[in-house]
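K.L.:
Before anything else, here's the structure in question.
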Amino acid sequence: MNQRYIYLTAALALTVVVLVNLIGQASGVRLDTTREGLYSLSRVSDDILARITEPVEITHFYIAADPRFRPALELLAEYERRQPLITTRAYDINTHPSVARSMGVTFQGTTVIKMGDRVEEVSGGDEVSITNGLYRMLNTGGRTIYFTAGHGEYDLYSTVSEDHLEGEGEHDRPIFIHEARGLGKLREQLELMGHSVEELFLQTGQPVPDDADLVVVVSPSEVFPPESLNALRNYLAGGGKLLAMLDGFRDGGLGQVLSDYGIVPQNDLVVDFGNHFWNDATAPATGRYTRHPVTERLPLTFYPGTQSLRVADNLPDHINVTTLFSSTARSMAVSSPEQLEQLRTLDLPVQSYDLMMISEAGTGSDRTKIAVIGDGDVGANEYLSLMGNQRLLSNTINWLMGADDRLDLPAATYELPLVNLTNSQMRFTFLITTALMPGLFLLAGIGVWWVRRRA
């Protein structure tokens, strides 16, 4: 009887599973159990799809030998299911070369989006590429962002290579490895958000181009010559927008310009013993922010090798400086690498240090706006995707350009499932796993022994 009951239960469970799958397949309902949400559309994509009011054709070109084409086709079907005005097509570029030529497509992985007379071509068949392509179709007038170059800044066009997890099958998702100190990831994200990103060489004495909506300086290792500084001064005087991301011990001479707007880089290195990333006290971490659009919905962020900032003395009335976040009160600041090595023997002030400031001069949409972060690694390939660093830069860039309505859609890419902890979180985890839990088992064992001994 019991055996028959087990068989009936197993058969019933199998029937339920089959029926659920059949109903889900017929209705188009899917359950995405991946941590990254790789197989479902985000809320941002749903909002963009809801704004479509005329037919849209999405055509994707792939190569059948590339295992990545299957997720792309599934994603296209999801777009079509969510928005009835969307029609999707997919062609193998090797077996349908005439179709590719007619649409001006040369490379596999290209997606062409057409709405009326407007055509948008994106590189990739992922959600970020397609949704941002749709966004650009619905919102004309992208912004132009210039990154300074030629002063030892991080490379805007850093290299990227493709790899797979060892031992995984050929159909598994690839892992893209970026050059650690480059800005390739940041550039790709800005381009996917509809911005035009260019390099800017100011050493020639040429002014900042008139179409510049924002100028970004990241970790200059060389001092800006007078020609470069004068170009930045003139640009800011005309209501320009600047994002300066510095590094410990150096500011590239930008302090001469930034101090005019109330922000003074200290060219030091902050060591935070109170809260930092992993076991590195030179990478302060914070989750406490001044309330501002830049810090909206911002989780924990960290800043490897950051310098501190201070507000300039005798600040003019028309300039408003705001500190957005600081290190903990258990921090020190060293002025040289030699001091860092001798830190334990030095009698340095222990206090909180400001790590990011913004400055506004004037009023209206033409006012000068500057954001300064004491660390440039926060935008580097190695750290951009960790914790809240990417959202910090997205919020900052949107605020500087007055583009708060821009699409903020992080890439849904597969990443190794790492857990990133601050030093305080590591201590708490250590106490729980190596002290509290074993201690509870020990007490339980002693209790059982005591009860049996008295029995």
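The values are calculated or read from the model by the stated rules, or taken from the named source; none is laboratory data. Bear in mind that the values here come from a model prediction, so they are computed numbers and not experimental data. Don't worry about glycine lacking a Cβ; one is built from the backbone with ideal geometry, like all the others, and counts go over all protein chains shown.
K.L.:
Among the residues of the range 210-224, are any acidic (Asp, Glu), over 24 Å from Tyr303 (Cβ atoms) and either at pLDDT 95 or above or surrounded by 15 or more Cβ atoms within 10 Å (Cβ to Cβ) (or both)?
P.N.:
yes
K.L.:
Right, something else. Taking the criterion of being in the same structural domain as Gly388 (by TED's automatic domain parsing), farther than 29 Å from Gln342 by Cβ and aromatic (Phe, Trp, Tyr), would at least one residue in the range 277-291 satisfy it?
P.N.:
yes
K.L.:
Exactly one condition in (1) surrounded by fewer than 14 Cβ atoms within 10 Å (Cβ to Cβ); (2) modelled with pLDDT of 85 or more is false for Asp47; which is it?
P.N.:
Every listed condition holds for Asp47 apart from (2).
K.L.:
Do we have any residue at all in the range 103-112 that's touching a Lys or Arg at 6+ places or on another chain (Cβ under 6 Å) and either under 23 Å from Asp47 (Cβ atoms) or modelled with pLDDT of 90 or more (or both)?
P.N.:
Pass one, the range 103-112, residues touching a Lys or Arg at 6+ places or on another chain (Cβ under 6 Å): none.
Looking through the range 103-112, none of the residues is touching a Lys or Arg at 6+ places or on another chain (Cβ under 6 Å) and either under 23 Å from Asp47 (Cβ atoms) or modelled with pLDDT of 90 or more (or both).
K.L.:
Something else: Counting just the residues of the range 27-44 that are among the hydrophobic types (A, V, I, L, M, F, W, C) and surrounded by fewer than 13 Cβ atoms within 10 Å (Cβ to Cβ), which one comes out modelled with the highest pLDDT?
P.N.:
Among residues in the range 27-44 that are among the hydrophobic types (A, V, I, L, M, F, W, C) and surrounded by fewer than 13 Cβ atoms within 10 Å (Cβ to Cβ), the one modelled with the highest pLDDT is Leu31.
K.L.:
Which of the residues that make up the range 106-118 are surrounded by 14 or more Cβ atoms within 10 Å (Cβ to Cβ) and either over 20 Å from Glu188 (Cα atoms) or without any contact (Cβ under 8 Å) to a residue 40 or more places away in the chain (or both)?
P.N.:
Lys114, Met115
K.L.:
Just for the range 142-152: of the residues that are at pLDDT 90 or above and closer than 15 Å to Leu242 by Cα, which one is surrounded by the fewest Cβ atoms within 10 Å (Cβ to Cβ)?
P.N.:
So, considering only residues that are at pLDDT 90 or above and closer than 15 Å to Leu242 by Cα, the one surrounded by the fewest Cβ atoms within 10 Å (Cβ to Cβ) is Thr144.
K.L.:
Turning to a different aspect of this structure: Check every one of the strands (runs of 3 or more DSSP E) wholly within the range 175-290 and list those with 3 or more residues that are under 20 Å from the mean Cα position of the chain (by Cα). So that I can check it myself, show each step before the final result.
P.N.:
Numbers: elements: 175-178, 196-200, 214-218, 241-245, 263-265, 269-272, 280-286.
Filter on the range 175-290 gives 175-178, 196-200, 214-218, 241-245, 280-286.
K.L.:
List pairs: first residue in the range 427-448 and assigned by TED's automatic domain parsing to the domain that holds Asn279 and under 30 Å from Gly274 (Cα atoms), second residue exposed (fewer than 10 other Cβ atoms within 10 Å of the Cβ) and at pLDDT below 85 anywhere in the structure, Cβ distance under 9 angstrom, at least six positions apart or on different chains.
P.N.:
none
K.L.:
For residues in the range 315-364 being of a type in the set (Val, Ile, Thr) and either at pLDDT below 90 or assigned to a loop (DSSP other than H, G, I, E, B) (or both), which is farthest from Gly305 (Cα to Cα)?
P.N.:
My answer is Thr363.
K.L.:
For the range 43-146, which helices (runs of 4 or more DSSP H) that fit wholly inside it have 3 or more residues that are hydrophobic (A, V, I, L, M, F, W, C)?
P.N.:
Once the helices (runs of 4 or more DSSP H) in the range 43-146 are filtered for at least 3 residues that are hydrophobic (A, V, I, L, M, F, W, C), what remains is 43-50, 69-82, 127-138.
K.L.:
For Glu80, state whether it is in contact with a Lys or Arg (Cβ under 6 Å, 6 or more places away or on another chain), without any contact (Cβ under 8 Å) to a residue 24 or more places away in the chain and surrounded by 15 or more Cβ atoms within 10 Å (Cβ to Cβ).
P.N.:
Criteria not met by Glu80.
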